[in-house]
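Trainee: Okay, handing you the structure first.
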Amino acid sequence: MATTHQLTPPRLHHPSASASSAARIRATASLAHPHLLSRRLRLAAPDSRSPSLSQRHGRRGAMSVRSSLIDPDGGALVELVAPPDRVPALRAEAEALPRVRLAPVDLQWAHVLAEGWASPLRGFMREHEYLQSLHFNCVRLPDGSLVNMSLPIVLAIGDAEKEQIWGKPDVALQGPDGVVVAILRRVEIYPHNKEERIARTFGTTAPGLPYVDEAIASAGNWLIGGDLEVLEPIKYNDGLDHYRLSPRQLRNEFDKRGADAVFAFQLRNPVHNGHALLMNDTRRRLLEMGYKNPILLLHPLGGFTKADDVPLPVRMEQHSKVLEDGVLDPETTIVSIFPSPMHYAGPTEVQWHAKARINAGANFYIVGRDPAGMGHPTEKRDLYNPDHGKKVLSMAPGLEKLNILPFKVAAYDTVAKEMAFFDPSRSQDFLFISGTKMRTFAKNGENPPDGFMCPGGWKVLVDYYNSLQAEEATPVPV
């Protein structure tokens with residue numbers, strides 16, 4: 001159901017505030033256990049002892065504005081793209097190496113690794129990293145600290161590839177088009193127990209899981225891990241590469257805009273006015289807390305999605321109309337594509353989504369109903385408990401430094417004729433418009449209720465579904 005959510009008191013941590021471990025544990029417990037919710041949590045505001053933006057600048061710019069309010073996992077971004085002057089030598093080296101052909105989803109994961117979204121990972125997981133991720137949802141660093149790593153980032157190979165590679169220290173990785181994109185060094189090959197991976201990642205082995213069908217079921221029986229060296233930045237040449245900002249580029253943009261808070265909103269659907277309501281309300285709340293320039297990172301997922309999701313190019317066009325129509329403020333919004341594939345793994349996957357935004361410099365993360373969820377593939381129910389995602393985020397190891405912003409439900413107010421936060425005292429006045437219902441409106445060329453979505457954004461969806469119907473009606477040459 002396409003509902004949105006209103007900010008409620010979260011477990012917050014501000015980098016300039018000194019909070020004890022015990023206090024953080026109490027805050028987590030109050031979110032985890034309903035009977036403790038009466039302990040009212042305070043929203044963390046900027047420390048009054050911290051210098052203002054103007055004070056940090058100084059007349060001579062002696063102190064720079066630093067919007068990267070949260071350090072990357074492991075303390076530094078791990079970027080795996082080789083310097084340009086090394087590329088000719090790497091290409092020559094790759095000619096003599098055994099090769100593994102990457103599927104499109106594998107290439108998306110190589111992109112994720114290359115830009116540092118999965119920092120501190122240095123490549124596709126070796127077995128000790130894979131087992132920690134699969135069983136603990138985190139990985140322990142050499143200094144003993146933990147970083148969240150809830151999804152295994154692995155590369156599968158078949159029996160024939162294993163025999164070809166066995167005993168070789170390095171392997172060249174080819175993109176789907178056959179061009180070498182990276183070298184995987186000091187490789188380790190280990191068994192790929194697909195049933196265990198699926199059961200632990202998704203909590204079920206039911207047939208019809210989109211990511212399983214796309215990337216696991218037909219994959220090889222072995223996994224190969226190692227240190228990744230990517231020859232050049234990965235591009236898709238689809239007209240959207242300028243939206244694909246790396247974590248470093250995003251951090252630089254936050255600095256350039258002088259942000260003192262960054263709140264990330266992930267989505268894989270078109271933006272309707274309910275989404276905009278909660279994003280604008282979040283900014284209002286952050287301003288009330290004392291932040292001067294909160295910046296929204298509107299961060300649609302750009303990797304693999306299931307067949308009935310709206311394709312990325314259509315979503316990006318729709319998002320641009322939302323900004324053009326003034327529903328969101330372009331001055332305080334950055335729209336960028338998150339290159340990760342989508343698992344639809346619910347509470348397990350939402351930890352990955354949050355963790356990756358830490359590496360991009362966001363210190364607030366918006367979470368609503370059933371994040372990263374989907375309907376059960378064989379039964380008429382949600383695959384995951386819709387409330388578990390935000391509860392898990394509030395307790396997840398390795399995410400303590402990220403401020404989680406949970407929201408209450410919003411829906412269409414038939415009296416005010418706009419998207420509004422749900423009022424239980426007049427529930428009869430609210431209409432819940434599911435994603436299925438929204439798509440049915442668009443497919444049939446019908447308009448949703450006034451105030452549900454900006455006109456420009458809605459036209460993009462109607463045009464998309466009209467084009468699908470035209471394609472379906474076109475006779476196929478025999």
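The values are calculated or read from the model by the stated rules, or taken from the named source; none is laboratory data. Keep in mind it's a predicted model, so treat the numbers as computed, not measured. Here the Cβ is made from the backbone with ideal geometry for all residues, glycine too, and neighbour counts use every protein chain on show. In case anyone asks, the SASA skips ligands and DNA or RNA and just uses the protein heavy atoms, side chains included. Shrake-Rupley method; radii C 1.70, N 1.55, O 1.52, S 1.80 Å.
Trainee: Return the calculated 222 nm mean residue ellipticity for the chain, to the nearest 500 deg cm²/dmol, obtained by summing -39500 (n - 2.57) across DSSP H runs with n ≥ 4 and dividing by the residue count.
Mentor: Mean residue ellipticity at 222 nm (helix-derived): -9500 deg cm²/dmol.
Trainee: Could I ask something else about it? Enter the per residue convex hull volume of segment 266-391, computed from alpha-carbon coordinates, in Å³ rounded to the nearest integer. Spell out each step's value before the answer.
Mentor: Working: hull volume 14.5 nm³, N = 126.
Hull volume over Cα atoms, normalised by residue count, gives 115 Å³.
Trainee: Between residue 196 and residue 320, what length in nm is gained on full extension when 0.36 nm per residue of separation is reduced by their alpha carbon distance? Can you show the working numbers first?
Mentor: Numbers: separation 124, 0.36 × 124 = 44.64 nm, distance 4.12 nm.
Between residue 196 and residue 320, full extension yields an extra 40.5 nm.
Trainee: Arrange the peptides 97-106, 171-180 so that the one whose residues have, on average, the most other Cβ atoms within 10 Å appears first.
Mentor: On the way: 97-106: 17.4, 171-180: 15.9.
Order by mean packing, descending: 97-106, 171-180.
Trainee: Give the accessible area for residue 139 in Å² (nearest 10); use a 1.4 Å probe, count only protein heavy atoms, and leave out ligands, DNA and RNA.
Mentor: Looks like 10 Å² after rounding.
Trainee: My understanding is that a pair violates if its Cα-Cα distance is over 24 Å; which of 256/292; 292/459; 292/390; 292/401; 408/443; 355/408 do that in this structure? Walk me through the numbers on the way to the answer.
Mentor: Details: 256/292 15 Å; 292/459 35 Å; 292/390 27 Å; 292/401 21 Å; 408/443 29 Å; 355/408 22 Å.
With Cα atoms farther than 24 Å apart: 292/459; 292/390; 408/443.
Trainee: How much accessible area per residue does segment 403-446 have, in Å², with a 1.4 Å probe? Can you show the working numbers first?
Mentor: On the way: 2230 Å² over 44 residues.
Heavy-atom accessible area per residue stands at 51 Å².
Trainee: If I take R0 = 35 Å and measure r between the Cβ atoms of residue 241 and residue 436 in this structure, what FRET efficiency does the formula 1/(1 + (r/R0)^6) give, to the nearest 0.05? Each step should come with its number before you reach the end.
Mentor: Numbers: r = 32 Å, r/R0 = 0.91.
Efficiency at R0 = 35 Å is approximately 0.65.
Trainee: Right, here's the next one. Given charges of +1 on the Cβ of Lys and Arg and -1 on the Cβ of Asp and Glu, with all other atoms neutral, how large is the dipole of the chain about its Cα centre, in debye to the nearest 20?
Mentor: My answer is approximately 1900 debye.
Trainee: Let me ask something else about it. May I ask you to derive the relative contact order of segment 336-382, considering only C-alpha pairs under 8 Å and at least 6 residues apart, and to give it as an integer percent?
Mentor: Details: 27 pairs, mean separation 20.0, N = 47.
Computed value for segment 336-382: 42 percent relative contact order.
Trainee: Taking 56 Å as R0, compute the FRET efficiency from the Cβ-Cβ separation of residue 85 and residue 307 and round it to 0.05. Could you put the intermediate results ahead of the total?
Mentor: Details: r = 43 Å, r/R0 = 0.76.
So the FRET efficiency works out to roughly 0.85.
Trainee: Please compute the Kirkwood hydrodynamic radius over segment 84-230, one decimal place, Å, based on all pairs of different Cα atoms. Spell out each step's value before the answer.
Mentor: Values: mean 1/r = 0.0630 Å⁻¹.
With all distinct Cα pairs of segment 84-230 included, I get 15.9 Å.
Trainee: Quick one: check the C-alpha center-to-center distance for segment 294-328 versus segment 165-180, whole angstrom.
Mentor: What the calculation gives is 34 Å, centre to centre.
Trainee: Which GluC sites (Glu not before Pro) does segment 384-478 hold that lie in a coil by DSSP with at most 14 other beta carbons within 10 Å?
Mentor: Details: sites: 400, 418, 446, 471, 472; in loops: 400, 446.
Hits after loop and neighbour filter: 446.
Trainee: Could you check how much of the accessible area of segment 301-398 is carbon and sulfur, as a whole percent, using a 1.4 Å probe?
Mentor: On the way: 1450 of 3010 Å².
Of all accessible area on segment 301-398, carbon and sulfur atoms account for 48 percent.
Trainee: Given the C-alpha centroids of segment 247-293 and segment 438-467, what is the distance between them in whole angstrom?
Mentor: Measuring centre to centre over Cα atoms gives 26 Å.
Trainee: Let me ask another. Sort all Cα-Cα distances of the chain into consecutive 10 angstrom bins from zero, then give the percent of pairs in each bin up to the one containing the longest distance.
Mentor: Over the chain, the share of Cα pairs per 10 Å bin runs 4, 18, 29, 27, 16, 5, 1, 0 percent.
Trainee: Next question. Need one number: nm distance between label points at residue 329 and residue 459, each 7 Å from Cα along Cα→Cβ, rounded to one decimal.
Mentor: Here the modelled spin labels are 2.6 nm apart.
Trainee: Within 10 Å of each candidate Cβ there may be at most 13 other Cβ atoms; applying that plus a DSSP loop requirement, which GluC sites (Glu not before Pro) in segment 91-175 survive? Working shown, then result.
Mentor: Values: sites: 93, 95, 115, 127, 129, 161, 163; in loops: 95.
Loop-located and lightly packed - 95.
Trainee: When ligands, DNA and RNA are left out and all protein chains stay put, how many square angstrom of accessible area per residue does segment 91-145 have with a 1.4 Å probe? Spell out each step's value before the answer.
Mentor: Details: 2290 Å² over 55 residues.
That works out to 42 Å² for each residue.
Trainee: Still on this structure, please answer the following. Of the trypsin sites (Lys or Arg not before Pro) in segment 195-240, which ones lie in a loop per DSSP and count no more than 13 other C-beta atoms within 10 Å?
Mentor: Working: sites: 197, 200, 235; in loops: 235.
The qualifying sites are 235.
Trainee: For segment 335-351 and segment 117-160, what is the centre-to-centre distance using only Cα atoms, to the nearest Å?
Mentor: 16
Trainee: Quick check on segment 241-473: of the DSSP beta bridges with both residues there, what percent are antiparallel, nearest 5%? Let's see the in-between values first.
Mentor: On the way: 7 of 24 bridges.
Antiparallel bridges make up about 30 percent of those DSSP assigns within segment 241-473.
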